[in-house]
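Read through the structure below, which is laid out as structure tokens, and then see the notes.
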Amino acid sequence: MANAMPRAVWGGALTFGLVSLPIQLFTATDSHTIHFHQLERGTSDRVRNQRVNERTGKEVPLDAIVKGYDVGDEYVLVEPDELDDIAPGRSKVLEVVGFVALDDVEPIFFDKTYYLGPKGKDYAKTYALLAQAMERQEKAAIATFVMRNREYLVAVKAEAGMLTLHTLHWADEIRDPRKIETIPGDVKVAQREVRMAEQLIDALSMEWKPEEFHDTYQEEVTKLVEAKRTGKAMHKTEAPAESTNVVDLMETLRASVDRAKNPESHDAKRAAGGRANPPTDINKVAKQRNIRVGDKGKRKASRVSSKSADLDSLTKAELYQKAADSDIPGRSSMTRDDLLKALAGKHHRRKSSA
């Protein structure tokens, strides 16, 4: 289904120097968020928000509502047309203050993106002239304008012969990260860990192709709605990964580099259930081989379970050290559960050979 033709959300004139270019503003993005209605549980009755007078409890029509600014002991009332009167010209003018280098505006300042188009074919030449000049100079125009009773600071950029407008946050809206307690200050990191992290970044480097990404969460929501509509079961997604312990950091980095360099083996691992060595169901294997698991097999499984219980009290780092001592292959890419199973299996094989 094709997107509907966008409508202009603002119209006015872009001015720089003595040049005035009539323009229109169009939203550049279209959200595909799935929206739900609010219903009362146990019914199909819609729950709606209403504008209610908190003293009388009665609903108030929209045209009877005015804005009130709380000054403590009273409200100062402001009518909608009074807001328009204080900036009649500015609500129709996008005034360029100056031009800056594109890289000078930090990403944190950017908010929302719009397309700028000329207001008719008569102004196409002026539009193209500005776009080409800005693109060749690698400059962005910094401007201000008023839209919907709010003033915006914006950056106008030129790319491929067209102009885009990016609303910016005001400087006093940017929070100071130093006030966030969990952001670390000076932390000593070993150079070998830095080099390993750099290898991981190199191994995961790619070209930016936004068309290859899609909103998988919204797809899952759609599947959930369809499953509930048709009465089908919906499988839960995998639990989030465990946090990396500082003790395991170097080994985790090394395993990550190996996985990034060998994506085929990682895909095989995922197909097997998310583990390099998927757990074996003794009874299932027995049926495939037409073998019945007798009392002897059950006793062996019991001993393996007992050993697993002892190992379960160890940390991942301790399990990894035991795996290294036992020369278990593939241990660098194993999860904690994989290490537990591999060590328990190693113990079982030793008992059998003895």
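For the range 91-101, the count of residues that are surrounded by 11 or more Cβ atoms within 10 Å (Cβ to Cβ), among the hydrophobic types (A, V, I, L, M, F, W, C), at pLDDT 90 or above and closer than 30 Å to Glu220 by Cβ is zero. Scanning the range 216-235 for residues that are modelled with pLDDT under 80 and over 15 Å from Phe36 (Cβ atoms) yields Ala233, Met234, His235. Report yes if some residue within the range 58-70 is farther than 26 Å from Leu129 by Cβ, surrounded by 11 or more Cβ atoms within 10 Å (Cβ to Cβ) and of a type in the set (Lys, Arg); otherwise report no. Yes, that holds for at least one residue. Could you pull out the residue among Asp63, Asp73 that is outside any loop (DSSP other than H, G, I, E, B) and of a type in the set (D, E, K, R)? When all the criteria are applied, what remains is Asp63. Against the numbered list (1) touching a residue at least 12 places away in the same chain (Cβ under 8 Å); (2) among the hydrophobic types (A, V, I, L, M, F, W, C); (3) within 30 Å of Gly17 (Cα to Cα), Val78 comes up short only at (3). Scanning the range 310-330 for residues that are assigned to a helix (DSSP H, G or I) and either under 15 Å from Gly345 (Cα atoms) or within 34 Å of the chain's Cα centre (by Cα) (or both) gives Asp310, Leu311, Lys316, Ala317, Leu319, Tyr320, Lys322, Ala323, Ala324, Asp325.
Looking across the range 9-26, just one residue is part of a loop (DSSP other than H, G, I, E, B) and modelled with pLDDT of 90 or more, and that is Val9. Filtering the range 197-215 down to residues that are in a loop (DSSP other than H, G, I, E, B) and of a type outside the set (D, E, K, R), which residue is nearest to Phe36 (Cα to Cα)? If we take residues in the range 197-215 being in a loop (DSSP other than H, G, I, E, B) and of a type outside the set (D, E, K, R), then His214 is nearest to Phe36 (Cα to Cα). Would it be correct to say that Ala158 is of a type in the set (Gly, Ala, Ser), in contact with a helix residue (DSSP H, G or I) (Cβ under 6 Å, 6 or more places away or on another chain), within 30 Å of Phe16 (Cβ to Cβ) and surrounded by 13 or more Cβ atoms within 10 Å (Cβ to Cβ)? Spelling it out, Ala158 is indeed of a type in the set (Gly, Ala, Ser), in contact with a helix residue (DSSP H, G or I) (Cβ under 6 Å, 6 or more places away or on another chain), within 30 Å of Phe16 (Cβ to Cβ) and surrounded by 13 or more Cβ atoms within 10 Å (Cβ to Cβ).
Filtered by the rule that a residue be outside any loop (DSSP other than H, G, I, E, B) and either among the small types (Gly, Ala, Ser) or within 30 Å of Leu94 (Cβ to Cβ) (or both), the range 27-60 gives a lone residue, Thr27.
Within the span defined as the range 39-47, one or more residues are of a type in the set (A, V, I, L, M, F, W, C) and under 34 Å from the mean Cα position of the chain (by Cα). In the range 48-57, the qualifying residues are those that are surrounded by 10 or more Cβ atoms within 10 Å (Cβ to Cβ) and of a type outside the set (S, T, N, Q), and the one that is farthest from Pro80 (Cα to Cα) is Val52. In the set Val189, Val194, only one residue is out of contact with any strand residue (DSSP E or B) (no Cβ under 7 Å at 6 or more places or on another chain), of a type in the set (A, V, I, L, M), assigned to a loop (DSSP other than H, G, I, E, B) and free of Cβ contacts under 8 Å to residues at least 60 places away in the same chain; that residue is Val189. Working only within the range 163-180, note down all residues that are in a strand (DSSP E or B) and either in contact with a helix residue (DSSP H, G or I) (Cβ under 6 Å, 6 or more places away or on another chain) or free of Cβ contacts under 8 Å to residues at least 24 places away in the same chain (or both). Once the filter is applied, which keeps residues that are in a strand (DSSP E or B) and either in contact with a helix residue (DSSP H, G or I) (Cβ under 6 Å, 6 or more places away or on another chain) or free of Cβ contacts under 8 Å to residues at least 24 places away in the same chain (or both), the range 163-180 yields Leu163, Leu168.
Filtering the range 147-182 to residues that are over 24 Å from Leu129 (Cα atoms) and β-branched (Val, Ile, Thr) leaves Ile174, Ile180, Thr182. Selection of first residues in the range 206-222 that are within 20 Å of Ala233 (Cβ to Cβ) and of second residues that are surrounded by 10 or more Cβ atoms within 10 Å (Cβ to Cβ) and of a type in the set (Val, Ile, Thr), restricted to Cβ pairs under 9 Å at least 6 apart or on distinct chains, gives the following pairs, ordered by first then second residue: Val221/Ile34; Thr222/Ile34. Evaluation of Leu249 against the conditions (1) at pLDDT below 80; (2) among the aliphatic types (A, V, I, L, M); (3) over 30 Å from Ala324 (Cα atoms) shows that the sole unmet condition is (3). Being within 33 Å of the chain's Cα centre (by Cα) and at pLDDT 70 or above: is that true of Lys269 here? So Lys269 fails the test. Looking across the range 176-193, just one residue is surrounded by 10 or more Cβ atoms within 10 Å (Cβ to Cβ) and either among the hydrophobic types (A, V, I, L, M, F, W, C) or within 21 Å of Glu106 (Cβ to Cβ) (or both), and that is Ala190.
Determine whether Ala131 is in a helix (DSSP H, G or I) and more than 17 Å from Ala101 (Cα to Cα). Judged against the criteria, Ala131 is not a match.
The values are calculated or read from the model by the stated rules, or taken from the named source; none is laboratory data. None of these values were measured; they are calculated from a predicted model. Reconstructed Cβ throughout: ideal geometry from the backbone, glycine too, with neighbour counts over all protein chains shown.
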